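The values are calculated or read from the model by the stated rules, or taken from the named source; none is laboratory data. In this text the structure is predicted, and so the values were computed from the model without any measurement. Because the Cβ atoms are built from the backbone with ideal geometry, glycine has one as well, and the counts that use them run over all protein chains shown.
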There are 2 protein chains.
Amino acid sequence: MVAIAFQPLGKRGTVPAGVSVLEAARRLGVGLSGVCGGAGVCGTCRVVVPPEYRDALSPLSDTERERLGGAEREQGVRLACRALIRRALQVFVPPESLTASQRTQVEGRQTPVRIDPVVVPADLSLPPPSLSDPRSDAERIRDGLGRPVRVDLEVLRRAPFPLREWGWVARAVLRGDEVVALLPPGAPLMGVAVDLGTTKLAGYLLNLETGETLASAGAMNPQLAYGEDVMARITYALQEPEGAERLRQAAADGLSQLVADLCSRAGVQPEQVVEAVVVGNTAMHHLFLGLPVRPLGLAPYVPVESAPLDVRAREVGLPLAPGAMVHVLPNVAGFVGADHVAALLATRMDEADRPTLLLDIGTNTEIGLSIGGNLFSCSAASGPAFEGAHVRFGMRAAPGAVERVRIIEGRVYWETVEGAPPVGICGSGILDAVAELRQAGFLNGRGGWADPEGRGSSPVISTDNGTEFVLVPAEFSGLGRAITISRKDVGEIQLAKAAIAAGWQILLEEAGIRESDLERVLVAGAFGTYIDIGHAVAMGLLPRLPLDRFEQVGNVAGTGARMALLSRAERERAAHLARRVRYVELTVHPSFRERFAQALQL
Amino acid sequence: MVAIAFQPLGKRGTVPAGVSVLEAARRLGVGLSGVCGGAGVCGTCRVVVPPEYRDALSPLSDTERERLGGAEREQGVRLACRALIRRALQVFVPPESLTASQRTQVEGRQTPVRIDPVVVPADLSLPPPSLSDPRSDAERIRDGLGRPVRVDLEVLRRAPFPLREWGWVARAVLRGDEVVALLPPGAPLMGVAVDLGTTKLAGYLLNLETGETLASAGAMNPQLAYGEDVMARITYALQEPEGAERLRQAAADGLSQLVADLCSRAGVQPEQVVEAVVVGNTAMHHLFLGLPVRPLGLAPYVPVESAPLDVRAREVGLPLAPGAMVHVLPNVAGFVGADHVAALLATRMDEADRPTLLLDIGTNTEIGLSIGGNLFSCSAASGPAFEGAHVRFGMRAAPGAVERVRIIEGRVYWETVEGAPPVGICGSGILDAVAELRQAGFLNGRGGWADPEGRGSSPVISTDNGTEFVLVPAEFSGLGRAITISRKDVGEIQLAKAAIAAGWQILLEEAGIRESDLERVLVAGAFGTYIDIGHAVAMGLLPRLPLDRFEQVGNVAGTGARMALLSRAERERAAHLARRVRYVELTVHPSFRERFAQALQL
């Protein structure tokens, strides 16, 4: 047996000598990609071997010599399926070689912040009351702090018992001149940051004194039961009696559950969480806060509030510390919300020294452009196709979802989340499939099936549903029937892609620059982390630029929320940044129709 | 028919020539006292006739010559039952000649305040949103105000529809840098002031721009269902599951109903009320705010909070304007609460230039003493006897309650609220009865029945319940049986009186002054307004001082609440005043037992 370590994941273990690096990765639970299943044809399982370990592997195979460029070989790149292990070594897995689903487990890009939270602790040791010292509990706290603070009503309601139980020793948590919580002596100050997405919630529990992330967790947005996209929920809120209240309650329940989950992972109680930051798009922001969404659903799509807000957690249905506040980052416009502001904050788009584009692809795709100190933003109605909806076999990136597709010499290779038997296709899988079908000539530019005549084994066949692409034949499918992609599915991807492409093209137009002027493109969000950038560029979803200008930055909205949780300066920066953004309304833009129509082309 | 006007009540009308002034008063609904029923024996129906109208009445009768002193006759005092009307005139009714119940309708003493409320209006006329001006509603308001205000969450929740309905013309109500309400254009700013008493609620609706009282109303405290005094309610809160919450809810419901009543009298909606002030004793304060009362019920009787508080009306269950706040005046100690502070404020006790005592007699009697710039306060557990409880035929001052009693030459005279057939005895009635029985020799100093032997028609008889004083024989009673006062009833009055007398005596002792040093005694509250001061002095309930040193000042707690509603300076003054008060805890005072025992003597 020999030892192997996969970096930077820190996964290590032992395997029998002679197995491939890919096989070792599978045995140790490392999500190393290998679409062709180790046949040496797809080239997706690239790993990098440091010089000192190069002779721990079998020599370069013919396949590798063929598939790897000279520069790659010099850097120590190997195909994991071809390289057999001889003795103990470490290999490095570049992000693009991780399975899409494992990649999303990597945290969003971290931007260092000075820890300076809005809440601060003050340790109290107070004399107990007596007939000769009958000061009120609050007066006693004020005297202990040495300044005339207010004590929140709910803190007053709950303080007397713990104070007496703890023998008048406690940690007061101050937010400005108000006591928002009393914690047991020595308890750490904790906060939660939440990205309230249309589809998913992402939450983080942080120690506000050290900045450490104590736990992170995700969950589906329970509002999904009332409509899958923003417009469907706004419609529900407006048309159903109590609809808005039901959506508000669903968001509050989902967030409360997420907070409970985070706390249980860290072994603490939600009552110990003294501050929260919530970001979300403008509709999620409004539904969560219980603000009316009617003005958001009708032109001119005006939010009720765009400035940052501090509201009591209890007033929005979150059971945290008695007086805990929730800080909600500012919105920019009706469809560019606090999540986008958080993403701009986390990526420091406000101080980008090169023309930089930021895309957060989702049901709504928020796009930001920074150039010469100016910020432009828009929102594209890309729909839920990339989140698995409106696609016949679409699903989210759960085990068994096809997440990567390659068509090599007419043969279809696929990879599923956690290697489970295929049961559907997630967003990155369908994007891959459409891109590969187009490259292989099975789709024409309009999205129609190209004539496969004269080719070998065509994956496009006629079925009861018309002509379809068979992604997974019935015999390999976990469903017991074939998993296919129809013309209509392709059409959904065309619409989504066109909306996004028209969006960034109009931002470039507004800023007066060309595609090639972009020096950096940041692709954010879960889907943005899953996708194969090369395919997205080839399809025109992303600007046609060298791949090294792209960075997949993960959930930067969540990162921005965490930064605002830890730092007052970051909150101010976010407020300032939101006011600086020039919002571009796509639906009324003179170029929109034409650009959208052109971008429908594959 | 001749015209007659009763001043300063402003009641006028016509009556046939030749009727007495008392008869005219009855016909016109003026609550002129006349305990003996117009027999000319009690002397309670004194009125004052201005010189120009003196010959509009019949000449002085023999009875008047006998009963009125020379000085009185010179001032134009007449007995209304003896003076017959000859032609049109005006008469003045001194407060002591009004029936007790009518007297309480006279407002508490008014102290002028500079109108400077904590909420101010700002008239807005905003451009409507459009695709070229998609600012959020809140941003539009901020821009209209020209300053970066916050908008309360609940205002945000409700603002969008009215703003659009009113065509973007509105009145914003600002409290500091926060918008707490949006009113229709031209709507006045209104506030409510409430005295939350253990037994009764008194509420006032004020125009905050003019200072005008638009409506005033009273109600019973619905908490009465859970105990009649403070200790009973604290016990209920501690012993019953959900007891405290039930009491909180009862207070909130009672106040909400009172506000609804006030608003309906003034023809406005509670949503237009933008600020409130609530005062009450410390236990009422805590129960209303939902603060735990356990520390209040046990030595050292420590409140949870004694400083002034500003809480959202919605957080304490009051449905006012969306973001309206409730200001709660400070407490002094466990049993000297915000109502006492309001009374000290209204009577300007903090700047009294002469030694002044203030008593607010109720289930708890709060007593304040001002001397040489120092303020002392205590609370006496006087019990509910003066509010009609713990007395066999006791009742509150509702129609049919005997409110005045005179024993003249062994005959008992009484007067009831609104002249209705007698059905019980209210506090002032029982105080009168005990004082008159003692003066007439039917009670000894220990409260026992004195031997009535050898007298004429004794009103003290033996019944099934032992020896009792027959206040109203069965044939005159609205109950169909006699209304009597028992030895036990007398005992209740002795206990109440002793608690109060021991209280002010100890305050004098603490301040190092004697009874005779007091230059002013202010008697406040409903009962304090009803009582016959002479009787209260004779019994030792009040200091033995010339009657002209006493002032019956009405509900000064309510007045103080109104002052704090109208003026920020008064709120600051109240906060300052509460900190200056030296609280004296009676129960542990070394002189308390002895003084209490002595004061039991009638």
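Of note:
- Single residue of A:ALA307, A:ALA324 found to be away from every other protein chain (no Cβ under 13 Å) and closer than 18 Å to A:ARG568 by Cα: A:ALA324
- Check on A:VAL417, over 18 Å from A:ALA474 (Cα atoms) and under 23 Å from the mean Cα position of the chain (by Cα): yes
- Qualifying positions in region A:125-138 - touching a helix residue (DSSP H, G or I) at 6+ places or on another chain (Cβ under 8 Å) and either crowded, with 20+ Cβ neighbours inside 10 Å or closer than 20 Å to A:ASP310 by Cβ (or both): A:PRO129, A:ASP137, A:ALA138
- Top-ranked residue in region A:143-171 [being aromatic (Phe, Trp, Tyr) and either touching a Gly at 6+ places or on another chain (Cβ under 6 Å) or within 20 Å of B:LEU296 (Cβ to Cβ) (or both); ranked as farthest from the other protein chains (Cβ to nearest Cβ)]: A:TRP168
- Residues of region B:194-229 classified as in contact with a Cys (Cβ under 8 Å, 6 or more places away or on another chain) and under 21 Å from B:PHE386 (Cβ atoms), total: 0
- Boolean, B:GLY203 is assigned to a strand (DSSP E or B) and surrounded by fewer than 19 Cβ atoms within 10 Å (Cβ to Cβ): no
- Within the option set A:ALA538, A:ALA499, being out of contact with any Lys or Arg (no Cβ under 9 Å at 6 or more places or on another chain) and more than 18 Å from A:ASP339 (Cα to Cα) holds for one residue only, A:ALA499.
- Out of A:LEU329, A:LEU318, sole residue that is in contact with a helix residue (DSSP H, G or I) (Cβ under 7 Å, 6 or more places away or on another chain), away from every other protein chain (no Cβ under 11 Å) and under 23 Å from A:VAL151 (Cβ atoms): A:LEU318
A quick yes/no check of all residues on (1) among the hydroxyl-bearing types (Ser, Thr, Tyr); (2) in a helix (DSSP H, G or I):
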| site | (1), (2) |
| --- | --- |
| B:LEU522 | no, no |
| B:THR529 | yes, yes |
| B:HIS535 | no, yes |
| B:LEU541 | no, no |
| B:GLN552 | no, no |
| B:MET563 | no, yes |
| B:LEU577 | no, yes |
| B:HIS589 | no, no |
| B:GLU594 | no, yes |
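- Those strands (runs of 3 or more DSSP E) lying entirely in region A:277-366 with at least 2 residues modelled with pLDDT of 95 or more and surrounded by 24 or more Cβ atoms within 10 Å (Cβ to Cβ): A:325-328, A:356-360
- Of the numbered criteria (1) assigned to a helix (DSSP H, G or I); (2) under 30 Å from B:LEU126 (Cβ atoms); (3) charged (D, E, K, R), the one B:GLU209 fails is (1).
- Inside region A:275-299, residues that are small (Gly, Ala, Ser), away from every other protein chain (no Cβ under 11 Å) and more than 18 Å from A:GLU228 (Cβ to Cβ) make up a count of 1.
- Residue pairs meeting the criteria (Cβ under 9 Å; at least 6 apart or on separate chains; first within 14 Å of chain A (Cβ to nearest Cβ), in region B:113-142; second of a type in the set (Phe, Trp, Tyr) and part of a strand (DSSP E or B)): B:PRO134/A:TYR583
- Residues being away from chain A (no Cβ under 14 Å), crowded, with 17+ Cβ neighbours inside 10 Å and within 25 Å of B:LYS497 (Cβ to Cβ) - total across region B:564-602: 5
- Taking the criterion of being assigned to a loop (DSSP other than H, G, I, E, B) and surrounded by fewer than 18 Cβ atoms within 10 Å (Cβ to Cβ), the residues of region B:397-440 that qualify are B:ALA398, B:PRO399, B:GLU409, B:GLY410, B:ALA420, B:PRO421.
- The one condition in (1) closer than 30 Å to A:PRO330 by Cβ; (2) within 14 Å of chain B (Cβ to nearest Cβ) that A:ALA202 fails to fulfil: (2)
- Subset of region B:367-391 (residues that are free of Cβ contacts under 8 Å to residues at least 60 places away in the same chain and assigned to a strand (DSSP E or B)): B:SER370
- When A:ILE408 is tested against the conditions (1) touching a strand residue (DSSP E or B) at 6+ places or on another chain (Cβ under 8 Å); (2) over 20 Å from A:ASN221 (Cβ atoms); (3) among the β-branched types (Val, Ile, Thr), the lone failure is (1).
- When each of A:GLU23, A:GLU64, A:GLU52 is tested for being among the acidic types (Asp, Glu), crowded, with 16+ Cβ neighbours inside 10 Å and more than 30 Å from the chain's Cα centre (by Cα), the lone residue that passes is A:GLU64.
- Selection within region A:235-250 - under 27 Å from A:PRO319 (Cβ atoms) and touching a Gly at 6+ places or on another chain (Cβ under 8 Å): A:TYR236, A:ALA237, A:ALA244, A:GLU245, A:ARG248, A:GLN249
- Some residue of region A:551-563 being of a type in the set (S, T, N, Q), farther than 14 Å from A:ALA338 by Cβ and surrounded by fewer than 18 Cβ atoms within 10 Å (Cβ to Cβ): no
- Unique match (being over 30 Å from A:PRO308 (Cβ atoms) and touching a residue at least 12 places away in the same chain (Cβ under 8 Å)) among B:VAL230, B:VAL155, B:VAL180, B:VAL149: B:VAL230
Results for (1) part of a helix (DSSP H, G or I); (2) out of contact with any helix residue (DSSP H, G or I) (no Cβ under 6 Å at 6 or more places or on another chain); (3) surrounded by 19 or more Cβ atoms within 10 Å (Cβ to Cβ), shown as yes or no for each residue.
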site: A:ARG147; (1), (2), (3): no, yes, no
site: A:VAL155; (1), (2), (3): yes, yes, yes
site: A:PHE161; (1), (2), (3): yes, yes, no
site: A:ARG164; (1), (2), (3): yes, yes, no
site: A:VAL173; (1), (2), (3): no, yes, yes
site: A:VAL180; (1), (2), (3): no, yes, yes
site: A:PRO185; (1), (2), (3): no, yes, no
site: A:PRO188; (1), (2), (3): no, yes, no
site: A:ASP195; (1), (2), (3): no, no, yes
